[in-house]
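Chemist: This structure is in structure tokens; I'll ask about it shortly.
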Amino acid sequence: MAWLAASIVAFASFTNTELVRDVVVLDSGVVVAATSGGVDVFDGRGRPLDTLHTEDGLPSHETYAVRRFGDQVVVATARGLAVMADNGEVSAVGRGRPWHGLPEAKMEEGMQAYLQRLSAWEARWPAAVIPAALAEDGARWAVAMVDGRLEVSLGEHLHRLSVPGMPQAVAFSGSELLIATSEALFGVDAEGRLRPVQHRLTAPFAARAAGAALEGVDATGQAFLLSAAGVRPLERLKLKDITAFAPGRTYLGVREQGVWSKAGRRLTRTGQLCGNHVTRVIQHQGRWVVGTFDRGVCWSSDAVTWRTFRRPALPSDVVYDVASVGARLFVATSHGLGVHDGRRFTHYGFGGRNPFGLEALSVLAVLPAAGPEGRAAVVERRGISWLGDDASLIARERGQTDVSEHFTAAAAAGPYLWLGTEDRGVLRFDGTSWTVFHDGKDLPDNWVTALDAAPDGRAVVGTCQDGVAFIDPGQETLRLGHDQGLADDMVTGVALGEAPRSAFVGTLGGLSQVEGGRVVARFGPEEGLADPRVASVQRFGEVLWVGTEAGLSRALLSAPQASVVSP
């Protein structure tokens, strides 16, 4: 018999663009912003035009800098360079190496000459170097790296220095190099000696090169100019917590609030996805609900406009799991449970209001229907709380705490509850007894990072560094890793398929599709995936949601068309 497999038709990205890293204004008046969720584009009146994602040609949603050439733009991303043409089309250029900053264009320098200069920069340093700020002046050049290391060539001598904070901008001014980081201002003299610049400003700073000087804005909104003569105050802006600004400070990036005009009008669209590091996607009461690693939870009925909840509505913004339990929405966080009853969130947890009998602060998972009786279960590292129909505590199961207290993943299907651990493989509970699956016979590694199961007893187990294992009743465990075609051995999310030994497998190197025990397709940013660093994978019929560290991807699955594997 041949098993038929659905295939991914296309990816669509959902991101949050409120963290702005650079802004420019084109000759046409169009505003372009580099953000953590792609490139935001606004018209001359500040109205949103588009957000460019990986499916539009960007190498990555993590964009860091933009440089304009008329109405064309060079974009620096975490996975290489891209060019945005005046018609909005995007194409990747260069060697695919990460750039967190770009040098300023020289006077009368065209885009092609600029790209050639960037290529020469790439050839200058090892692959491990990630530039945050760059400058050159004749034979002199300087590159500040994301870790604060600084290389300065002053003709015959190369100086290696270190500065605190994230480098923002560097520029040569006379015989001196000027440096602005998020935390401080410095100068490097002709002998390569680093000196702090005295000032009365308040960190953190945003800065950009402006010829032979640096323009900056401090945390209070005070604009300033740093030159060889020192710091000169400029205007005081209405806005505070500036992360980026266009030349002339006509448009500004405000910390976690998007792009604003100088007059104080927000340009960035509201109602966005709550965060870009997505840990969980579910359906609840006709809505899509998304949990994130550091930005709380949000829901939407149309996947266009999202309503966000963070602290203090939640116990913590670090969300591990989200579950629909009857009319209630359970949010498992690093500091307890947030339960929404249709009107508001209530906090529950160890050391506080604790009707669920929790014995640890951090809650790993909430399973809507687990075990032989199909009851909801709350899982934390010391055990399991079984809940009744009214979400009250019925029983407490300590689990196999003598085997492991380091639970890392959970799944429930049919009569079984499955727990992944950090040190002892997988534990399966059938209502009366526990079965242990461990490395050697059953698993490639005991450090379990992802888990999904089916009612018939099948399961797919993802591990920290040795790929996945398919557990099938009555059959030997099947192991697959990078050598067998997986995008990477570090597995972060799995979604079991209907056919035997079939699943979508998320890794730190991309998404893989497994059918009949064979890898049949791999997906990364080149195919439109939000980011190769997958954090979660969930399937709902013909819709596949892939949470990554840089955005959420939704894939529509085609109906089965062809037999791809014969078992």
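Chemist: Run down Arg382, Arg396 and say which single residue is at pLDDT 85 or above and closer than 23 Å to His335 by Cβ.
Modeler: Testing whether each residue is at pLDDT 85 or above and closer than 23 Å to His335 by Cβ leaves just Arg396.
Chemist: Let me ask something else about it. Between residues in the range 88-100 that are part of a loop (DSSP other than H, G, I, E, B) and residues that are aromatic (Phe, Trp, Tyr) and at pLDDT 90 or above, which pairs lie under 7 Å by C-beta distance while being six or more apart or on different chains?
Modeler: Trp99/Tyr64; His100/Tyr64
To keep it simple, each residue is scored yes or no on (1) among the basic types (Lys, Arg); (2) free of Cβ contacts under 8 Å to residues at least 12 places away in the same chain; (3) in contact with a Ser or Thr (Cβ under 7 Å, 6 or more places away or on another chain).
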| position | (1), (2), (3) |
| --- | --- |
| Phe330 | no, no, no |
| Ser334 | no, no, yes |
| Asp341 | no, no, no |
| Ser362 | no, no, yes |
| Val379 | no, no, no |
| Arg382 | yes, no, yes |
| Ala391 | no, no, no |
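Chemist: Then there's this: Got at least one residue in the range 156-165 being crowded, with 18+ Cβ neighbours inside 10 Å and either touching a strand residue (DSSP E or B) at 6+ places or on another chain (Cβ under 9 Å) or not charged (D, E, K, R) (or both)?
Modeler: Yes, because at least one residue in the range 156-165 is crowded, with 18+ Cβ neighbours inside 10 Å and either touching a strand residue (DSSP E or B) at 6+ places or on another chain (Cβ under 9 Å) or not charged (D, E, K, R) (or both).
Chemist: Same structure again: Is the range 546-557 home to any residue that is modelled with pLDDT under 90 and small (Gly, Ala, Ser)?
Modeler: No, the conditions are met nowhere in the range 546-557.
Chemist: Pairs only if they're at least six apart or on different chains, beta carbon under 9 angstrom, first in the range 421-449 and free of Cβ contacts under 8 Å to residues at least 24 places away in the same chain and of a type in the set (Asp, Glu), second surrounded by fewer than 21 Cβ atoms within 10 Å (Cβ to Cβ) and not in a loop (DSSP other than H, G, I, E, B); list them, first residue then second.
Modeler: As it stands, the answer is Asp445/Asp439, since those pairs meet every condition given.
Chemist: Out of the residues in the range 206-234 that are under 17 Å from Trp260 (Cα atoms) and not aliphatic (A, V, I, L, M), state the one that is surrounded by the most Cβ atoms within 10 Å (Cβ to Cβ).
Modeler: Gly216
Chemist: Regarding the range 334-352, can at least one residue be identified that is modelled with pLDDT under 95, surrounded by fewer than 15 Cβ atoms within 10 Å (Cβ to Cβ) and closer than 26 Å to His406 by Cβ?
Modeler: There is at least one residue in the range 334-352 that is modelled with pLDDT under 95, surrounded by fewer than 15 Cβ atoms within 10 Å (Cβ to Cβ) and closer than 26 Å to His406 by Cβ.
Chemist: Tell me which residues, restricted to the range 542-554, are outside any strand (DSSP E or B), of a type outside the set (A, V, I, L, M) and either crowded, with 24+ Cβ neighbours inside 10 Å or in contact with a Leu (Cβ under 8 Å, 6 or more places away or on another chain) (or both). Working first, answer last.
Modeler: Kept after step one, since they are outside any strand (DSSP E or B), are these residues of the range 542-554: 542, 549-550.
Narrowing the set further to residues that are of a type outside the set (A, V, I, L, M) leaves 542, 549.
Passing the criteria: only Glu542.
Chemist: Which members of the range 190-204 meet the condition of being touching an Asp or Glu at 6+ places or on another chain (Cβ under 6 Å) and either surrounded by 13 or more Cβ atoms within 10 Å (Cβ to Cβ) or hydrophobic (A, V, I, L, M, F, W, C) (or both)?
Modeler: Leu201, Ala203
Chemist: Something else: Could you say whether any residue in the range 476-489 is free of Cβ contacts under 8 Å to residues at least 12 places away in the same chain and in a loop (DSSP other than H, G, I, E, B)?
Modeler: yes
Chemist: For Ala303, indicate whether it is within 22 Å of Thr279 (Cα to Cα), among the small types (Gly, Ala, Ser) and touching a Pro at 6+ places or on another chain (Cβ under 9 Å).
Modeler: Criteria not met by Ala303.
Chemist: Got a sec? Which strands (runs of 3 or more DSSP E) wholly within the range 148-204 have at least 2 residues that are aliphatic (A, V, I, L, M)? Explain how you work it out, then say what you get.
Modeler: On the way: elements: 149-154, 157-162, 167-173, 176-181, 185-188, 194-196.
It comes to 149-154, 157-162, 167-173, 176-181, 185-188.
Chemist: If I ask for residues that are of a type outside the set (S, T, N, Q) and in a loop (DSSP other than H, G, I, E, B), which ones from the range 315-330 would you list?
Modeler: Scanning the range 315-330 gives Pro315, Asp317, Val318, Gly326, Ala327.
Chemist: So, one more: Working only within the range 12-35, note down all residues that are closer than 18 Å to Arg307 by Cα, of a type in the set (S, T, N, Q) and part of a strand (DSSP E or B).
Modeler: Ser13
Chemist: Which ones in the range 15-51 are surrounded by 24 or more Cβ atoms within 10 Å (Cβ to Cβ) and not polar (S, T, N, Q)? Break it down stepwise before answering.
Modeler: Looking only at the range 15-51, we keep the residues that are surrounded by 24 or more Cβ atoms within 10 Å (Cβ to Cβ), and these are 15-18, 20, 22-23, 31-35, 37-40.
Glu18, Val20, Asp22, Val23, Val31, Val32, Ala33, Ala34, Gly37, Gly38, Val39, Asp40, listed by residue number.
Chemist: Taking into account only those residues within the range 71-85 that are assigned to a loop (DSSP other than H, G, I, E, B) and either of a type in the set (Ser, Thr, Tyr) or buried (at least 20 other Cβ atoms within 10 Å of the Cβ) (or both), which is farthest from the chain's Cα centre (by Cα)? Give the derivation first.
Modeler: Looking only at the range 71-85, we keep the residues that are assigned to a loop (DSSP other than H, G, I, E, B), and these are 71, 78-79, 85.
Then keep just the ones that are either of a type in the set (Ser, Thr, Tyr) or buried (at least 20 other Cβ atoms within 10 Å of the Cβ) (or both); that gives 78-79.
Numbers: Ala78: 11, Arg79: 13 Å.
By that ranking, first place goes to Arg79.
The values are calculated or read from the model by the stated rules, or taken from the named source; none is laboratory data. No experiment lies behind these values; they were computed from the predicted model shown. Glycine also receives a Cβ, built like all others from the backbone with ideal geometry; neighbour counts cover every protein chain displayed.
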